[in-house]
Protein chains: 2
Amino acid sequence: MNSDIITLAHGSGGKMMQELIAQELLPLCDEELGRGLEDAAELQVPGERLIFTTDSFTVQPLEFPGGDIGKLCICGTVNDLAMRGARPLYISLSLIIEEGLEFNLLRRVLASIGNAARETGAAIVTGDTKVVQRGKADGLFINTTGIGEPLQQRSPGATRALVGDKVLLNGPLGEHGIAVLVAREDLQLQSELESDCAALAGLVEAMLQVGGEAVHVLRDPTRGGLAAALNEIATASQVGIETEESYLPRNPAVTGACEILGLEPLEVANEGKLVAMVAPEVAEKVLAAMKEHPLGRQSAIIGEVVEGDRVTMKTALGTSRIIDMPSGELLPRIC
Amino acid sequence: MNSDIITLAHGSGGKMMQELIAQELLPLCDEELGRGLEDAAELQVPGERLIFTTDSFTVQPLEFPGGDIGKLCICGTVNDLAMRGARPLYISLSLIIEEGLEFNLLRRVLASIGNAARETGAAIVTGDTKVVQRGKADGLFINTTGIGEPLQQRSPGATRALVGDKVLLNGPLGEHGIAVLVAREDLQLQSELESDCAALAGLVEAMLQVGGEAVHVLRDPTRGGLAAALNEIATASQVGIETEESYLPRNPAVTGACEILGLEPLEVANEGKLVAMVAPEVAEKVLAAMKEHPLGRQSAIIGEVVEGDRVTMKTALGTSRIIDMPSGELLPRIC
């Protein structure tokens with residue numbers, strides 16, 4: 001048996017799986033809550049309301065500039081909690097591994113998971129490991145499911161946008177999608193573009209401190225990009241959204257790559273961005289708080305919520321175009 | 001685009017994914033909590049303690065006698081909660097679908113998920129859908145993560161077995177593993193064997209009602225079978241366990257299939273069984289409660305907890321053999 005790769009025995013429920021769990025996975029887990037070798041963890045929760053979210057990650061390649069599937073899965077789950085105004089408390093970690101995966105690659109991913117969880121303060125408390133035969137998965141899929149504590153009485157939500165709200169964005173679009181695509185296709189682009197993969201819980205906490213419940217909507221524009229996020233909010237809140245192209249923070253490397261590849265930056269995935277709808281009277285204060293945070297230096301007000309049901313963007317030429325819900329295959333396996 | 005199969009566009013974050021979610025997935029979700037199209041759900045929880053568990057399911061084939069991956073994922077997660085003495089409250093549902101999966105197969109699986117969740121009273125409140133290219137997964141993988149409410153102050157746990165405890169089992173071993181194996185290999189066995197796949201929350205509630213905190217340990221012998229479960233408990237509680245072969249409830253079809261296939265029934269997976277360690281003074285009462293429950297008719301006391309660190313079984317010949325932690329590949333993809 002080759003100890004450098006994962007074998008079916010690592011998922012069989014027997015000795016090899018016990019060793020994998022004991023040596024590689026339990027060290028990631030919370031010392032008090034997650035090391036009891038139970039199939040379920042017993043948790044303390046602070047109040048009667050919780051936020052709960054799940055995501056499976058199938059990104060390909062597993063490692064890309066700016067991150068890997070390990071950092072991505074923790075950040076993605078923390079961000080889904082943060083978008084409902086919650087501080088991350090507990091995370092479960094479930095691996096589906098393809099037989100033959102390099103053990104060292106798995107170790108690097110697990111190290112990323114540990115680092116990202118520590119940085120966000122979330123405790124990994126329970127998990128699961130499955131191994132499937134060669135050719136039956138693609139290296140590694142990870143599910144993370146998170147429990148968070150809401151920071152305020154009324155959580156931000158996609159249905160809460162109000163006409164007059166300002167639309168805020170914390171930085172340039174498309175870095176994650178383009179970085180993954182370039183790594184996957186081994187494209188030779190001049191720029192060194194990195195994924196924006198980051199946990200946004202701290203940024204959100206700073207925004208809520210000054211904006212409170214006047215922060216109506218928070219959404220991370222992942223799959224489908226800003227175009228999908230804005231359309232989902234417009235539908236859920238039954239409003240229109242007007243944005244202006246010239247207000248968008250920019251990363252020239254992304255703009256350049258999108259032109260070469262024929263992609264629309266508004267539809268490309270992000271993993272460290274959020275769009276917010278906030279009441280106009282607190283918009284400048286919230287924007288200032290965002291700009292003070294390391295993950296919000298390039299924040300901008302990019303538009304506002306209006307009557308209607310359409311998402312539009314004013315172009316540099318002064319015309320207005322409709323931003324539709326993306327359709328078709330877009331970029332698969334981006335998260 | 002062929003509407004009879006799942007395509008990459010169903011996982012892209014665009015219109016097709018919205019339709020899949022709206023038409024097939026949201027109807028499974030809790031009406032109040034799970035239909036808001038948020039990436040995270042807001043939940044009410046009854047107290048300060050929760051039980052939390054995750055599992056990814058990679059069973060192959062997706063449908064087998066007695067169940068399918070949908071019934072299995074709900075029962076598996078409910079059972080992990082039940083083994084810590086918890087009533088299931090909330091479940092998250094995350095799908096990784098291989099491009100090309102038949103839409104009708106997916107619909108059957110989702111219907112099973114809905115039925116199983118309804119039967120157990122657990123609410124599906126949040127989810128995620130990913131689609132990977134043909135050949136990059138094996139039809140369908142499902143992650144379910146569950147939150148449960150502990151029914152008593154001190155939860156059953158693998159570390160709590162005490163010398164003198166009686167060991168109880170709710171029925172014959174190996175039905176799930178053999179049923180899946182027969183379906184997978186298309187073996188022609190005479191008997192019609194069905195998986196025991198079932199949610200054990202009701203049985204556990206009945207046991208705790210009469211046994212209370214004297215029910216020290218509950219464990220569902222899934223991967224690695226009873227052999228793995230008993231060894232894990234012995235290690236966690238630092239005790240030995242003595243069982244007697246003649247006390248084991250039997251299903252002759254499993255015994256026969258194991259003989260033909262050269263398998264050890266103690267190492268074959270179950271999905272509707274539990275093993276319990278209970279204080280001797282309540283053992284008969286707990287056994288009686290189990291026998292009154294539809295999922296415990298064949299329950300039996302199969303042994304007791306002793307000093308030491310070994311799991312042993314007295315054979316029909318009066319000799320005693322050591323039941324080791326299973327090793328090697330066992331049966332992959334059984335859950």
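The values are calculated or read from the model by the stated rules, or taken from the named source; none is laboratory data. Everything quoted here is computed from the prediction, not taken from an experiment. Note that each Cβ is placed from the backbone with ideal geometry, even for glycine, and that neighbours are counted across all protein chains shown. To get the accessible areas, we keep the full protein, side chains included, count just its heavy atoms, and leave off ligands, DNA and RNA. Shrake-Rupley method; radii C 1.70, N 1.55, O 1.52, S 1.80 Å.
A few comments on the model shown:
- Rounded to the nearest 20 debye, the dipole size of the protein assembly as shown about its Cα centre is 360 debye, using +1 on the Cβ of Lys and Arg and -1 on the Cβ of Asp and Glu.
- Rounded to 10°, Cα long-axis angle of helix A:201-211 versus longest principal axis of chain A: 30
- For the stretch B:135-150, a decrease in accessible area of 20 Å² or greater in the assembled protein chains relative to the isolated chain, with a 1.4 Å probe, applies to B:G135, B:K136, B:D138, B:F141, B:N143, B:T145, B:I147.
- Helix B:252-261 and the longest principal axis of the Cα set of chain B meet at an angle near 80°.
- Rough spin-label spacing in nm, given labels placed 7 Å along Cα→Cβ, for B:L317 and B:N115: 4.6
- With all protein chains in place and ligands, DNA and RNA left out, the 1.4 Å accessible area ranks B:S246, B:S112 as B:S246, B:S112, largest first.
- Positive-pole candidate from A:M16, A:S112, A:A122, dipole of the stretch A:8-150, charges at beta carbon: A:S112
- FRET efficiency estimate (nearest 0.05) - Cβ-Cβ, A:S3 to A:S246, R0 51 angstrom: 0.35
- Antiparallel bridge percentage (DSSP; both residues within the protein assembly as shown; nearest 5): 75
- Rounded if a/c under 1.5, otherwise prolate or oblate - chain B, Cα gyration tensor axes: oblate
- Top of B:C197, B:C73, B:C258 by mean-square fluctuation, Gaussian network on chain B, Cα under 10 Å: B:C258
- Length-normalised contact order for chain B - Cα pairs under 8 Å, 6+ apart - percent: 22
- Burial here means at least 10 square angstrom less accessible surface with every protein chain in place than with the chain by itself, probed at 1.4 Å; in the stretch A:52-80 the buried residues are A:F52, A:T53, A:T54, A:D55, A:S56, A:T58, A:D80.
- Axis of helix A:280-292 versus longest Cα principal axis of chain A: the two differ by about 50°, to the nearest ten degrees.
- Nm distances between copies for B:P27, ranked from closest, using label points 7 Å along Cα→Cβ: 4.9
- A simple charge model with +1 on the Cβ of Lys and Arg, -1 on the Cβ of Asp and Glu and nothing else charged puts the dipole of chain B at about 240 debye relative to its Cα centre.
- Per residue, in Å², the accessible surface of the stretch B:213-321 once ligands and nucleic acids are set aside, probe 1.4 Å: 43
- Estimated [θ] at 222 nm from DSSP helical runs (n ≥ 4, -39500 (n - 2.57)) normalised by residues in the protein assembly as shown, nearest 500: -9000 deg cm²/dmol
- The alpha-carbon of B:K314 sits under 19 angstrom from the alpha-carbons of these aspartates and glutamates, leaving out residues fewer than 8 places away in its chain: B:D165, B:E242, B:E244, B:E245, B:E264, B:E267, B:E304, B:D324.
- Copy-to-copy label separations for A:F103, where each label sits 7 Å from Cα toward Cβ, in nm and ascending: 4.6
- Loop-located trypsin sites (Lys or Arg not before Pro) in the stretch B:121-192, at most 16 other Cβ atoms within 10 Å (DSSP): B:R134, B:R154
- Accessible carbon and sulfur surface of the stretch B:180-335 relative to its total accessible area, %, 1.4 Å: 47
- Only protein heavy atoms count here, probed at 1.4 Å, and on that basis chains B and A bury about 6400 Å² of accessible area in total.
- In plain terms, the C-alpha convex hull of the stretch B:8-150 casts an average shadow of 8.3 nm² when viewed from every direction.
- Label-point spacing at B:L162 relative to the other copies reads 5.9 nm, in ascending order, each point sitting 7 Å out from Cα along Cα→Cβ.
- Here r is the Cβ-Cβ distance between A:Q298 and A:E259 and R0 is 25 Å; the resulting FRET efficiency, rounded to 0.05, is 0.80.
- Among A:L72, A:L89, B:T243 - extreme Cα towards positive end, dipole of the protein assembly as shown, charges at beta-carbon: A:L89
- In chain A, the DSSP beta bridges split such that about 75 percent are antiparallel, to the nearest 5.
- Note on A:D220: accessible area is roughly 10 Å² with a 1.4 Å probe, heavy atoms of protein only.
- Based on protein heavy atoms only, the stretch A:8-150 ends up with 31 Å² per residue of surface accessible to a 1.4 Å probe.
- For the residues A:T58, A:T243, A:T129, a GNM of chain A with alpha-carbon springs under 10 Å puts the largest fluctuation on A:T129.
- With a 1.4 Å probe rolled over the protein heavy atoms of all chains, the accessible area of B:D196, A:D30 falls in the order A:D30, B:D196, largest first.
- Probe 1.4 Å - accessible area at A:H216, Å² to nearest ten: 20
- GNM top mover of B:G272, B:G146, B:G308 - chain B, alpha-carbon springs below 10 Å: B:G308
- Our summary of shape: the Cα atoms of the protein assembly as shown have principal axis extents of 91, 45, 40 Å, ordered from largest down, in whole angstrom.
- When the listed pairs A:K273/B:K130; A:K130/A:K273; A:K15/B:K285; A:K285/B:K15; A:K71/A:K166 are checked against a 25 Å cut-off, the alpha-carbon distance exceeds it for A:K130/A:K273; A:K15/B:K285; A:K285/B:K15; A:K71/A:K166.
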